[in-house]
Each structure stands twice: as C-alpha cells, then as structure tokens.
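Scroll down for the structure; my scribbles are underneath it.
The values are calculated or read from the model by the stated rules, or taken from the named source; none is laboratory data. Computed from a prediction, not measured in an experiment: that's the story for all the values here. Here the Cβ positions follow ideal geometry from the backbone for every residue, glycine too, while neighbour counts run over all protein chains shown. Quick note on the areas: whole protein, heavy atoms, side chains included, nothing else; ligands and nucleic acids left out. Shrake-Rupley method; radii C 1.70, N 1.55, O 1.52, S 1.80 Å.
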Amino acid sequence: MGHLDIPVARLVTRYLYASREWLHFTSSIPDALLILVVCVAAGSYALFRYRVARHGIDAPAIMYETLAVAAPAAFLAKSLLKFAFGRINTREWLLAPQEYGFHWFNGDARFSGFPSGHMVVFVALCAVLWRFHPRWRPACLALLLLLALALIATNYHFLSDVIVGAYVGLVVEAGTRRAVERAYRGPSLMKR
C-alpha cells in the first residue's frame, strides 16, 4: 500500500486527468452496483426455481442458487468492510492528501474506498461462473482486468483497494459455495 497506491494515483492524475474531457466523463459515471446486485440475485433465484421445477437439483440449479446468494453476500461484505476500514477514496485524497489512510468505523462517505465494492461483487460473481463454466474463464479474467484498470484509471480507487476487493470477492464465493454444498449434502454436484 505504502509503495504503490500514491505513486499510481499520482500517475493517473498527471497523465489522464490532464484532459478536462476525461475528468468530466469519469465524474458523471453513475454507481449502479446495488441495482446490479438486486437484478442478479432476483434473476438467478428465479432461474434456480425454474430449473428445480423442471430438472430437479442439478449443477445449473446449484449455479443459479450460488449466484443468487453470492451477489447480496458480496454487497453486504463490501459495505461492512468499507465502514470498518474507513479509508479515504482516491478522489477525496487528491483534495486532502493529509487524510490518506484508514479512519476506522467512520461513517462519512468520503471514507469508503477500501475495499473496492465493484471488485468484491464482480469477482464473486465471476468466480461462480468460472467454477461452473471453465470455458468462460478467459472472458471472466478479461472482464475483471478491465474493471480493475477502469477503477484505477478513473481514480475511484487506489491499487490496493482493487486488489483487496478481488480477494474479498474470492472469499465470498468460497463461503457461498461451501454453504450451498452443505445445503445439498455434498460437493459432487459442484463439479462438472
């Protein structure tokens, strides 16, 4: 954190934010993460119920249920961690560099940069797809790398926010997978 976060953020600011168009474009991107989570959870649960009614409990049904649980679990995890760590986000840090670091259990919206919630949610969802559809692994990896670069290039997050967000997403997926496995008494359905 101490060696890469600030130099990378300054590099992005120096080279990308020299353009007023880039600044204006990145300032007007809406945050629709909660809407995405609700849609994925509801859609996946509906597909799970449909699949169970037609085919019983099989690998696709398990995948849909895992997605339906992983999406809100990832969102909850990122919300709790952001509140607990209270780290300033990159854009606010650029305005107040002396506030770099963690501000434990601070509810202020300025201190909501760590970990990256988008990485938590997207990694958790892509990890589910990665597990059930190995041929989608290159596409999942490409999507996650593009998201990571976008979060850093738009100065929404420090590099370490993105890395820790990815790790938390993997932990959420592993926990969700284990919970679903226990619900159906065995890991045999999880393999393809």
* Asked: How many residues does segment 166-190 hold that are in contact with a Pro (Cβ under 7 Å, 6 or more places away or on another chain) and at pLDDT 95 or above?
  -> 1
* Here is a list of conditions, (1) at pLDDT below 80; (2) within 16 Å of Ser160 (Cα to Cα), and Ile88 meets all of them except one; can you say which number that is? -> (1)
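For the structure I just gave you, tell me whether Ala73 is part of a helix (DSSP H, G or I) and closer than 17 Å to Val180 by Cβ.
Details: part of a helix (DSSP H, G or I): yes; closer than 17 Å to Val180 by Cβ: yes.
Yes; evaluated as a whole, the condition is true for this residue.
Which ones in segment 110-139 are assigned to a loop (DSSP other than H, G, I, E, B) and either modelled with pLDDT of 95 or more or farther than 21 Å from Pro72 by Cβ (or both)? It would help to see each step written out before you state the result.
Pass one, segment 110-139, residues assigned to a loop (DSSP other than H, G, I, E, B): 110-116, 133.
Result: Arg110, Phe111, Gly113, His133.
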* **Checking Leu129 against (1) surrounded by fewer than 19 Cβ atoms within 10 Å (Cβ to Cβ); (2) in contact with a helix residue (DSSP H, G or I) (Cβ under 9 Å, 6 or more places away or on another chain); (3) farther than 19 Å from Cys39 by Cβ, the condition it does not meet** => (3)
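Being under 30 Å from Arg10 (Cα atoms) and either among the β-branched types (Val, Ile, Thr) or buried (at least 22 other Cβ atoms within 10 Å of the Cβ) (or both) is true for just one of Ser160, Ser116. Which residue is that?
Only one candidate passes the filter, namely Ser116.
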* Tell me which residues, restricted to segment 95-112, are open to solvent by 70 Å² or more (accessible area, probe 1.4 Å) and among the aliphatic types (A, V, I, L, M). => Leu95, Ala109
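Residue check: is Ala84 more than 16 Å from Asp5 (Cα to Cα), exposed (fewer than 15 other Cβ atoms within 10 Å of the Cβ) and in contact (Cβ under 8 Å) with a residue 12 or more places away in the chain? Spell out the reasoning first.
Numbers: more than 16 Å from Asp5 (Cα to Cα): yes; exposed (fewer than 15 other Cβ atoms within 10 Å of the Cβ): yes; in contact (Cβ under 8 Å) with a residue 12 or more places away in the chain: yes.
It is true that Ala84 is more than 16 Å from Asp5 (Cα to Cα), exposed (fewer than 15 other Cβ atoms within 10 Å of the Cβ) and in contact (Cβ under 8 Å) with a residue 12 or more places away in the chain.
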